[in-house]
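Inspection log for the structure reproduced underneath, given as structure tokens.
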Amino acid sequence: MDKKPQKIKSVSGAVGFSMQKSKGQHLLKNPKILEAIKNKSGIKSTDIVLEIGPGTGNLTMLLLAESKKVIAIELDPRMVAQLLKRVSVSEYQNKLQLIQGDVLKQKLPFFNLCVANIPYQISSPIVFKLLNHRPFFRCAVLLIQREFAMRLIAKPGSEFYCRLSVNVQLLSKVEHLMKVSKNDFNPPPKVESSVVRIEPKNPLPNINFMEWDGLLRICFNRKNKTLGAIFKQKYILDMLFNNFKKFEKMKENNNYKVNNEESINQFIKNEMEMNDVMEVENDKDDDDKKEKNDDGKNKEKDPEKEKFKNMLMDILTKEDYINKRAIKMSIDEFLKLLDILNNNGIHLN
Ligand code: SAH
């Protein structure tokens, strides 16, 4: 008898082997939901479809029937074997290209539609990897954890609105398509699920994404605070002041180049590495305390830095940002703020 590796939870089922929770293995078993996902994806007979984590192929078989070709990337060799067996006795054998490996380590092949019930623990890196893919694909219809879906679609003011919402909506149009119950899976996951449709924006705004990322990290680190309070923190002012001087020097030496095109790759790489879980609000105002202490000790202030601080506060006041809070700011407001700051020589990266 085979010894079961640890962490494997045994489930009974037609597949004949146990599901690995660590790989997010929850097979979609409700035929109505599978059918609905296929229909909502708008799949066409000319489509080359990417499926991430096909598992034993419940969704794959439906996609094969309606498309030109399916390219499926699956990590688990047991699943790969099972799917190959299943497809070999079907009429679609020649339409399936199955790649065994980790989707995050693969260069994605050409596809124009992505349909998948993805492993939930790597949802965020998968979404960003898809959004960085070129040429642009038509859309991705993904089955994901409900809470992650809520964050992807959240609008300013919603309890789910966070950096992830802003970043994903900067790069794409996201739509909630339907709810899926735990009981539609084998084994049922602990969480509820949703199907979303993600349509990459093309063209993307012509911004420096590293600057954008810098701005959002600052604003959402304390997302309930006003921008006035956030930008007054000593470590932020120090950072911005140093950047200000650096950029002034570069300008003097005519070394100032903006490379917007490459910035998106670095930005996405950072986001993928973060595998962003819920943003934690930093309640301890350590920096503020530090600042008070510093103020107490060092009576002398750098006049140049003070001037910079006043300039920054004046800009935020004049442009009506000083009392705004990240949780209620739209993408356009962030874009405009970035533009205003950059135009005044204030850089966030
Ligand atoms: N689409 C199938 C299975 C979904 S479960 C269905 O709906 O029935 C998620 C699948 O993703 C599992 O088969 C798991 O082995 C696979 N998987 C997990 N991590 C992966 C990774 N990094 N790259 C590719 N596939 C992965």
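The values are calculated or read from the model by the stated rules, or taken from the named source; none is laboratory data. Everything numeric here is computed off the predicted structure, so don't read it as measured data. Backbone-built Cβ (ideal geometry, glycine too); neighbour counts: all protein chains shown. Please note that ligands, DNA and RNA were not included when accessible areas were found on the heavy atoms of the full protein model with its side chains. Shrake-Rupley method; radii C 1.70, N 1.55, O 1.52, S 1.80 Å.
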Cα-Cα longer than 22 Å, checked against LYS182/LYS269; LYS246/LYS305; LYS107/LYS173, kept in input order, equals LYS182/LYS269; LYS107/LYS173
Sorted by chain and then number, the residues having a modelled amide H within less than 5 Å of the amide H of GLN97, at least 5 places away or on another chain, are VAL70, ILE71, ALA72
Candidates per trypsin sites (Lys or Arg not before Pro) in segment 167-269, loop by DSSP, up to 11 other Cβ within 10 Å: LYS190, LYS257
What translational D, rounded to a whole number of µm²/s, comes out for the chain from Stokes-Einstein when the hydrodynamic radius is the Kirkwood one over Cα pairs, at 25 °C and 0.890 mPa s? 108
Within the chain, the percent of DSSP beta bridges that are antiparallel, given to the nearest 5, stands at 55
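Find how much the distance from GLU159 to ASN94 grows on full extension, using 0.36 nm per residue of separation minus their present alpha carbon separation; answer in nm with one decimal.
Result for the pair: 18.7 nm of gain on full extension.
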Give me the accessible area per residue for the chain, probe 1.4 Å, as a whole number in Å². 52
With DSSP loop assignment and no more than 12 other C-beta atoms within 10 Å, the GluC sites (Glu not before Pro) in segment 48-122 are GLU91
What percentage of the solvent-accessible surface of the chain, computed with a 1.4 Å probe over protein heavy atoms, is contributed by carbon and sulfur atoms? 49
Counting pairs of alpha carbon atoms under 8 Å apart in space and at least six apart in sequence, what relative contact order in percent does the chain give? 16
Of LEU104, LEU34, which has the most accessible area and how do the rest follow, probe 1.4 Å? LEU104, LEU34
So what's the back-of-envelope 222 nm ellipticity for the chain, counting only DSSP H runs of four-plus at -39500 (n - 2.57) apiece and dividing by all residues, rounded to 500? -13500 deg cm²/dmol
Residues of segment 161-205 with the amide nitrogen closer than 15 Å to a label point 7 Å from the Cα of ALA229, along Cα-to-Cβ, please. none
So, for the Cα atoms of segment 102-257, Rg and Dmax in Å stand at 19.2, 64
